[in-house]
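Have a look at the structure below before the remarks.
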């Protein structure tokens, strides 16, 4: 902030200028201190968040989440033709549920984890028994194609919209069509009759 030199009401501008500059410097230091304080609070919050996430992942990885019939039944498809998971098969006495549930119970009793049980079921009943196909081999395309299709579709839409918004270029060297003399004369008469002016 620039203040003019000189005096006002017996008080020189120099003293007022110093006072204003001091207030500005104090204000700037208060802002800087507040920014530093906010930065430290943000860092502290991030450290706490990371700590909570690490603790949560460690407690989950300690083996306390033992597989259950329900957790595996939601990841396995019923093969009776109902297109539902094992836990949600609408048929009352489904032969597939009666066949697969004892296998799951036996493998849970043997102490296997979810991944091992799902692999054993896929070996025994085929990959179609899994509700989500494995992300490898040909089944990887099931995971890639939706994202790829979305990306290509959005790209196509952006290109089309840009072409619509772009003005059409006038071909260089091609003269514009001359106006018909009769139409031009009729237009001038209309303008004269309506009082809009004449062409000079």
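The values are calculated or read from the model by the stated rules, or taken from the named source; none is laboratory data. Nothing here was measured: the structure is a model prediction, and the numbers come from that model. Glycine also receives a Cβ, built like all others from the backbone with ideal geometry; neighbour counts cover every protein chain displayed.
Here are the numbers for this structure:
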read-out: Members of region 81-102 that are touching a helix residue (DSSP H, G or I) at 6+ places or on another chain (Cβ under 7 Å) and either assigned to a helix (DSSP H, G or I) or touching a residue at least 40 places away in the same chain (Cβ under 8 Å) (or both); value: 85, 86, 87, 97, 100, 101
read-out: Filter pass, residue 74 being within 30 Å of residue 146 (Cβ to Cβ), in contact with a strand residue (DSSP E or B) (Cβ under 9 Å, 6 or more places away or on another chain) and loosely packed, with under 15 Cβ neighbours inside 10 Å; value: yes
read-out: Answer from 150, 154, 121 - the residue that is in a helix (DSSP H, G or I), in contact (Cβ under 8 Å) with a residue 12 or more places away in the chain and either touching a helix residue (DSSP H, G or I) at 6+ places or on another chain (Cβ under 6 Å) or over 27 Å from residue 69 (Cβ atoms) (or both); value: 121
read-out: Filter result (part of a loop (DSSP other than H, G, I, E, B), at pLDDT 85 or above and over 30 Å from the mean Cα position of the chain (by Cα)) within region 56-80; value: 67, 68, 78, 79, 80
read-out: Subset of region 126-145 (residues that are in a loop (DSSP other than H, G, I, E, B) and modelled with pLDDT of 80 or more); value: 126, 131, 132
read-out: Flag if residue 87 is under 15 Å from residue 117 (Cβ atoms) and at pLDDT below 85; value: no
read-out: Subset of region 110-131 (residues that are under 27 Å from the mean Cα position of the chain (by Cα) and over 21 Å from residue 99 (Cβ atoms)); value: none
